[in-house]
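The values are calculated or read from the model by the stated rules, or taken from the named source; none is laboratory data. Being a predicted model, the structure only gives us computed values, none of them experimental. Glycine gets a Cβ as well: all are built from the backbone with ideal geometry, and neighbour counts include every protein chain shown.
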Amino acid sequence: MALARPTRLLASLAARLLLGPRRSLAVHAPDEALLPVVRIPRSFQRRHERREGRHRRSPQRPVLTRPGPLLVSARRPELNQPARLTLGRWECAPLASRGWRHRRARRDHFSIERAQQQAPALQTPSSDSSFSDLGLEPRVLRALLETAPQVVRPTTVQSSTIPTLLGGRHVLCAAETGSGKTLSYLLPLFQRLMGQPRLDGGPRIPSPRGLVLVPSRELAQQVRSVAQPLGRSLGLQVQELEGGQGMRRVTLQLSSQPSADVLVATPGALGKALRKQLLSLERLTFLVLDEADTLLDDSFLELVEYILEKSHIAGDPSDLADPFNPKAQLVLVGATFPEGVGQLLNKVARPHSLTTITSSRLHCIMPHVRQTFLRLKGTDKVTELLEILKRRDRVDRTGTPGALLVFCNSSSTVNWLGYILEDHKIQHLRLQGQMPALRRAGIFQDFQKGSRDVLLCTDIASRGLDSTRVQLVINYDFPLTLQDYIHRAGRVGRVGSEVPGTVISFVTHPWDVNLVQKIELAARRRRSLPGLPSSVSEPVPVPVDSVPPRKTAT
């Protein structure tokens, strides 16, 4: 006990020396022994005074958010942005994801809220507009009413595209996902074929008059399922040509309907049929490149150029008038467009014959879909996904939560996640490009019909597929490009969907953070996503004595 008291006194003395104001001290211990003078560095004292001053101040007042809807809601309220506020182009934006490259940002999150309930594609200039006002014949209108009675009024894209195609012009239609682009070209296609006589003679191999080129077998099945009832009602035959099972399968498909009027095909199968001379494009009068941004990338470009060389593309609308010398009208459709579209079109058509139809929402964040971003460690993503699925199951007991898409960047991740969901007794389907063709066939159609409500997939399911059942999209792996993000998010909030839907994205890597910051900044400024390489907004190069291409904005 004799040593305890001096020890406590020395500890107290040390604290007073370090934390007290600067002065020379001489303190006598109980035994009256004189201690040396300790001088405190002035920089240390100032730092301590500033720290103490912050603690002595009254606590900061909470940030008060103005009442009203929000455009961006963050975990930290001071980073919220009201819906009525729009940042200028050069105005500094307080990004909620600014510090997400640091590990301390894990579990942080923010959301881009819904600015409206209705899809922009349904906001036509006139609410009284109808398909009969677009120049469609009564027979086509009756066929549309019989096969798709739920389609009452045309969307904004359809109101601009259908009259232009009926006028005989080549069209490049660039509009947001889920805006009704398929009917935009199918209805003029059928009306054009009905007005042409069937020519006798010519090639003895199948020679379709209409061709729809799509990048995937799933999209080919979907377009065929929409076109076949319409064609049957009009007395026209629609056939599907898809690859993945060798030349024997291609030959059987062509021999089943040798006199088909419209062919829906993938580039691989069609290229094989043309090289083996199992098919001819001499009578082609209507050529559509659906999801043209994918068809014109490096993986398909060589095949597409070969198919275009075999097609007789009309130079201008006057070339389409001769039924005995068929020329094809060209249509390119997509939600995003790469560079080089103009150069490719210059090889097959005259520049002044092209009409570019663009949507005001092209390359923009969808305003009617809530999009949430979660900053997570890679090891936490499985736990977060399972928690979302469990919450969804709890909702399922009280109501119908709708279908769910989980996107991954690789086929191996899809398979690995599938094994985990099986261990947790969660029923699901898987769709990825490395599946054998026989196993892959019909998976997305089963999902559309409701056999399962959870689909694990790669980007093969993000292009053009109808997903009106889907109410939630989860980016388990954040997409590698902004184009992929647009297409994945476009699986919800489509025309015909009962609810706008939600997108949840897991953000893990530094390169993910870079894309998220671009998305957040574009949302706060209400501008299109930056850095998307597109030549849609640029006119196609034309000779000096030519007429510049016409543009229509929807």
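Residues to consider are Arg209, Arg169; find the one that is modelled with pLDDT of 90 or more and either acidic (Asp, Glu) or closer than 20 Å to Asp319 by Cα (or both). Of the residues listed, the single one that is modelled with pLDDT of 90 or more and either acidic (Asp, Glu) or closer than 20 Å to Asp319 by Cα (or both) is Arg209.
Examine the stretch 507-526 for a residue that is modelled with pLDDT of 80 or more and under 30 Å from Thr164 (Cβ atoms), and state whether such a residue exists. Yes, some residue in the stretch 507-526 is modelled with pLDDT of 80 or more and under 30 Å from Thr164 (Cβ atoms).
Answer with yes or no whether Asn409 is in contact with a Pro (Cβ under 8 Å, 6 or more places away or on another chain) and modelled with pLDDT of 90 or more.
Yes.
Of the residues Leu166, Leu183, Leu187, the single one that is over 26 Å from the mean Cα position of the chain (by Cα) and closer than 22 Å to Ser132 by Cβ is Leu166. For the stretch 313-333, the candidate set comprises residues that are of a type in the set (A, V, I, L, M, F, W, C) and part of a strand (DSSP E or B); within that set, the residue that is nearest to the chain's Cα centre (by Cα) is Val333. Taken residue by residue, the stretch 143-154 has no member that is closer than 20 Å to Lys327 by Cβ, aliphatic (A, V, I, L, M) and in a helix (DSSP H, G or I). When residues in the stretch 248-278 are screened for being under 24 Å from Thr294 (Cβ atoms) and more than 31 Å from the chain's Cα centre (by Cα), 6 of them pass. Taking the stretch 463-472, which residues are at negative phi, of a type outside the set (Asp, Glu) and either modelled with pLDDT under 90 or touching a helix residue (DSSP H, G or I) at 6+ places or on another chain (Cβ under 6 Å) (or both)? Residues satisfying the conditions are Arg463, Leu465, Ser467, Thr468, Arg469.
A Cβ distance below 6 Å, combined with a sequence gap of six or more or placement on separate chains, defines the contacts here; from the stretch 409-434, residues that are buried (at least 17 other Cβ atoms within 10 Å of the Cβ) reach no residue that is among the acidic types (Asp, Glu) and not in a helix (DSSP H, G or I). From the list Thr294, Thr336, Thr251, the one residue that fits, being farther than 25 Å from Asp459 by Cβ and among the β-branched types (Val, Ile, Thr), is Thr251. When Phe190 is tested against (1) buried (at least 24 other Cβ atoms within 10 Å of the Cβ); (2) within 20 Å of Arg463 (Cα to Cα), only condition (2) is not met.
Any idea how many residues of the stretch 102-119 are part of a loop (DSSP other than H, G, I, E, B) and within 22 Å of Val503 (Cβ to Cβ)?
Residues in the stretch 102-119 being part of a loop (DSSP other than H, G, I, E, B) and within 22 Å of Val503 (Cβ to Cβ): 10 in total.
Evaluate the stretch 358-371: report whether one residue or more is modelled with pLDDT of 85 or more, crowded, with 20+ Cβ neighbours inside 10 Å and closer than 12 Å to Val454 by Cβ. For the stretch 358-371, residues modelled with pLDDT of 85 or more, crowded, with 20+ Cβ neighbours inside 10 Å and closer than 12 Å to Val454 by Cβ: absent. Residues that are out of contact with any Lys or Arg (no Cβ under 8 Å at 6 or more places or on another chain) and at pLDDT 95 or above were ranked within the stretch 475-484; the one that is surrounded by the most Cβ atoms within 10 Å (Cβ to Cβ) is Asp477.
For the stretch 70-106, a tally of residues being at pLDDT below 85, aliphatic (A, V, I, L, M) and in contact with a helix residue (DSSP H, G or I) (Cβ under 8 Å, 6 or more places away or on another chain) returns 2.
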